[in-house]
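Notes follow the structure.
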Amino acid sequence: MKVGIVGCGAIGSFVARWLSKANGFELVSIFDIDREKALKLSKELKINAAKYIDDFLKNDMDVVVEAASQQAVFDYAEKVLISGKDLIVLSVGAFADEEFYDKIRDLAIKLRRRIYIPSGALAGIDAIRAVADYVEEVILVTRKNPSSFGVSEKGVIFEGNAKEAARLYPRNLNVASTLGIAVGFDKVKVVAIAEEVEENIHEIVAKGRFGEIRIIVKNRKMDDNPKTSYLAALSVIKTLENIKGSIVVG
């Protein structure tokens, strides 16, 4: 499977290094608007670093991994699909924009392309999706170190709906959008708390006619970016393996 990566930060670099050694995968090209990041990773892995997104998309690739930002999804998702490639989206908060989400979904259907959303820093998304039609409410409580949220004081820094959470904290609360897409944004309530914690902690409670699901995930932060969890990077790798695999669990 031929893969390209947009975004050469913590997750993009992690996935790129894995792809460079994985059997059955070929990392074809990388791209980042921060040219220095792209060139540094390109030199390390001896891989092409495209200077412009259009040049990047001219490469023969089966799937593009977006590991950059919500703005990158807004700017490039349509181009990726039109170029004949599938897309893995990590900055899923972009899909909190309902009009944009509908546009990209309809385009993917029209072009017979696939958009994959990894579980990211969460666990149990498969179970929550399975009961989505029976869910009445989902509560997400996220706890991170104040520095990860970019604040100096401890306490509740956000309480509201998933769409607003993704908009206000695009690099910290993409998980809210993942839940929103899974069950419907109107059903997801989010509380973000700045605490002196070592891990990035997500607690999910889903309630409905099916019963109740409770999930707690304590994620180790990536060394290169304390806002990001290792689980998010690993979920991209598992998504790639699932796309390529013959048997997929969940």
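Quick check on the stretch 220-232. Is at least one of its residues modelled with pLDDT of 95 or more, crowded, with 16+ Cβ neighbours inside 10 Å and either under 22 Å from Phe25 (Cβ atoms) or β-branched (Val, Ile, Thr) (or both)? Before you say what the answer is, go through the steps one by one.
So in the stretch 220-232, the residues modelled with pLDDT of 95 or more come out as none.
No; the residues of the stretch 220-232 include none that is modelled with pLDDT of 95 or more, crowded, with 16+ Cβ neighbours inside 10 Å and either under 22 Å from Phe25 (Cβ atoms) or β-branched (Val, Ile, Thr) (or both).
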Practice problem: Give the residues of the stretch 31-61 that are within 18 Å of Leu111 (Cα to Cα) and either in contact with a helix residue (DSSP H, G or I) (Cβ under 8 Å, 6 or more places away or on another chain) or small (Gly, Ala, Ser) (or both), sorted by residue number. | Solution: Leu57
Quiz item: Does Ile88 meet the test of being aliphatic (A, V, I, L, M) and not in a helix (DSSP H, G or I)?
Solution: yes
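For the condition at negative phi, assigned to a loop (DSSP other than H, G, I, E, B), surrounded by fewer than 15 Cβ atoms within 10 Å (Cβ to Cβ) and acidic (Asp, Glu), what is the one hit in Glu212, Glu198, Glu241? Reasoning before the result, please.
Values: Glu212 fails: assigned to a loop (DSSP other than H, G, I, E, B); Glu241 fails: assigned to a loop (DSSP other than H, G, I, E, B).
Only one candidate passes the filter, namely Glu198.
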Exercise. Could you list, in sequence order, all residues of the stretch 113-142 that are touching a residue at least 60 places away in the same chain (Cβ under 8 Å) and in a strand (DSSP E or B)?
Key: Tyr116, Val135, Glu136, Glu137, Val138, Ile139, Leu140, Val141, Thr142
Quiz item: Where residues in the stretch 198-217 are of a type in the set (D, E, K, R) and at pLDDT 95 or above, which of them is nearest to the chain's Cα centre (by Cα)?
Solution: Glu203
Exercise. Kindly establish whether Ile104 is touching a residue at least 12 places away in the same chain (Cβ under 8 Å) and not acidic (Asp, Glu).
Key: yes
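Can Glu99 be described as within 12 Å of Cys8 (Cα to Cα), outside the structural domain of Arg167 (by TED's automatic domain parsing), at pLDDT 95 or above and part of a helix (DSSP H, G or I)?
No.
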Practice problem: Test Glu164 against the stated conditions and say whether it is charged (D, E, K, R), out of contact with any Ser or Thr (no Cβ under 7 Å at 6 or more places or on another chain) and more than 26 Å from Phe74 (Cα to Cα). | Solution: no
Quiz item: What about Val151, is it over 19 Å from the mean Cα position of the chain (by Cα), outside any loop (DSSP other than H, G, I, E, B) and not assigned by TED's automatic domain parsing to the domain that holds Lys85?
Solution: no
Quiz item: Which strands (runs of 3 or more DSSP E) sit wholly inside the stretch 1-73 and have at least 2 residues that are of a type outside the set (A, V, I, L, M, F, W, C)?
Solution: 2-6, 26-31
Practice problem: Kindly indicate whether Ala176 is surrounded by 19 or more Cβ atoms within 10 Å (Cβ to Cβ), under 26 Å from Glu78 (Cβ atoms) and in contact (Cβ under 8 Å) with a residue 60 or more places away in the chain. | Solution: yes
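For (1) among the small types (Gly, Ala, Ser); (2) closer than 21 Å to Asn225 by Cβ, each residue gets a yes or a no:
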{"site": "Arg35", "(1), (2)": "no, yes"}
{"site": "Lys43", "(1), (2)": "no, yes"}
{"site": "Asn48", "(1), (2)": "no, no"}
{"site": "Lys51", "(1), (2)": "no, no"}
{"site": "Asp55", "(1), (2)": "no, no"}
{"site": "Met61", "(1), (2)": "no, no"}
{"site": "Glu66", "(1), (2)": "no, yes"}
{"site": "Ala72", "(1), (2)": "yes, yes"}
{"site": "Tyr76", "(1), (2)": "no, yes"}
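The values are calculated or read from the model by the stated rules, or taken from the named source; none is laboratory data. Here the structure is a predicted model, which is why all the values come from computation and not from measurement. Cβ: placed from backbone, ideal geometry, glycine included. Neighbour counts: every protein chain shown.
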